[in-house]
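Structure, as structure tokens:
The values are calculated or read from the model by the stated rules, or taken from the named source; none is laboratory data. Just so it is clear, the model here is predicted, and its values are computed rather than measured. Cβ coordinates were reconstructed from backbone atoms using ideal geometry, including for glycine residues, and neighbour counts include every protein chain displayed. Ligands, DNA and RNA are excluded from the accessible area calculation, which covers all protein heavy atoms including side chains. Shrake-Rupley method; radii C 1.70, N 1.55, O 1.52, S 1.80 Å.
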Amino acid sequence: MKITVIGAGAIGGNLAAKLSTAGHDVQVADARGPEAVRAEVLQSGARAADLADAVQGRDVIVLSIPFGVAGQLADLFASVPDETVVIDTANYYPGMLSEPIEAVDNGQVESVYTAELLGRPVVKAWNAALAETQRTKGVPAGTPGRLAIPVAGDSEEARKVAMSLVEDTGFDAYDAGTLADSWRQQPNSPAYCTELTLDELAAALAAADRAKDAAIRDSLPERFAALGAHPTVDDVVEMNRAAHR
């Protein structure tokens, strides 16, 4: 597939490299320009591109940008065909990674808000796994203990495309239903960054509690500080799991 990843940070860089390794034609665009794309992201064959050019003629566009800024791309996406699948990977951390957003604080689902800003439907994927988990723990299909990633979206066809790409990055894809249900994979639900298998993920999504999960999310600075100076990815995963015991 012809894929563009917008955003060359930890998640975007991981996805660009993994999807290129899987055989896809991958471009990486960054608001700061092609020179902002790190060399290691391009080692697998992905290409840096200008943002304006990178959204044309593509099958899939992955948004790996800070939550709440998708509206800045609305004009750019106005010319993108309806059949292009747009995947949102962002998460909302008010007061930490973004300013508080009233609509989301009042209950609007994160990716529903993003879709409104962007002016087109999106699929939610890859948001519920740590960047380091995505970078180091993807394994071939059929490997015992393979970790799973939830995928939510209103279009069944678009959701299937996103699920196939999740599989290509080394994880089992779980059909998490419509975008309105994607709050179940937002921070800090039982399914969020807790490294679960396909068999475990369904129960974790079902156990989500919006008020409780938001409170756990908002306590992250204190909980993370308690891990010490150099926590490992396993330390962070255990912290997330422990919050729901």
Could you report the stretch 8-137's accessible area per residue, 1.4 Å probe, as an integer in Å²?
43 Å²
Thinking of the stretch 8-129 as a set of Cα atoms, what percent of all their pairs are more than 25 Å apart?
22 percent
Report, ordered by chain and residue number, the aspartates and glutamates lying within cross-link reach of Lys124, taken as a straight Cα distance under 12 Å and ignoring same-chain residues fewer than 8 apart.
Asp88, Glu110, Asp154, Asp175, Asp181
Tell me, what % of the accessible area of the chain is carbon and sulfur with a 1.4 angstrom probe?
52 percent
On a 0 to 90° scale, report how tilted helix 233-242 is relative to the longest principal axis of the chain, with both axes built from alpha carbons and the result rounded to the nearest 10.
50 degrees
Compare the peptides 5-11, 209-215 by average per-residue count of other Cβ atoms within 10 angstrom and give them in order, highest first.
5-11, 209-215
Give me the base-10 log of I(q)/I(0) for the stretch 59-127 at each q in 0.19, 0.22, 0.25, 0.26 Å⁻¹, Debye formula, one uniform scatterer per Cα, rounded to two decimals.
-0.70, -0.93, -1.16, -1.24
Give the span of the stretch 185-245's Cα atoms along each principal axis, as three whole-Å numbers ordered largest to smallest.
33, 25, 17
Top of Ala36, Ala129, Ala173 by mean-square fluctuation, Gaussian network on the chain, Cα under 10 Å:
Ala36
Values of log10 I(q)/I(0), in the order q = 0.17, 0.18, 0.30 Å⁻¹, for the stretch 171-219 under a Debye, Cα-only, solvent-free model:
-0.45, -0.51, -1.21
Pick out, in residue order, every one of the trypsin sites (Lys or Arg not before Pro) in the stretch 1-53 that is DSSP loop and has at most 16 other C-beta atoms within 10 Å; say none if there are none.
Arg32, Arg38
Over 5 Å intervals from 0, what percent of Cα-Cα pairs in the stretch 116-245 sits in each interval?
2, 11, 20, 22, 20, 14, 8, 3, 0
Highest mean first, how do 156-162, 80-86 rank when packing is the count of other Cβ atoms within 10 Å averaged over residues?
156-162, 80-86
Stick to the Cα atoms of the chain, pair each with every other, and give me the Kirkwood hydrodynamic radius in Å at one decimal.
18.0 Å
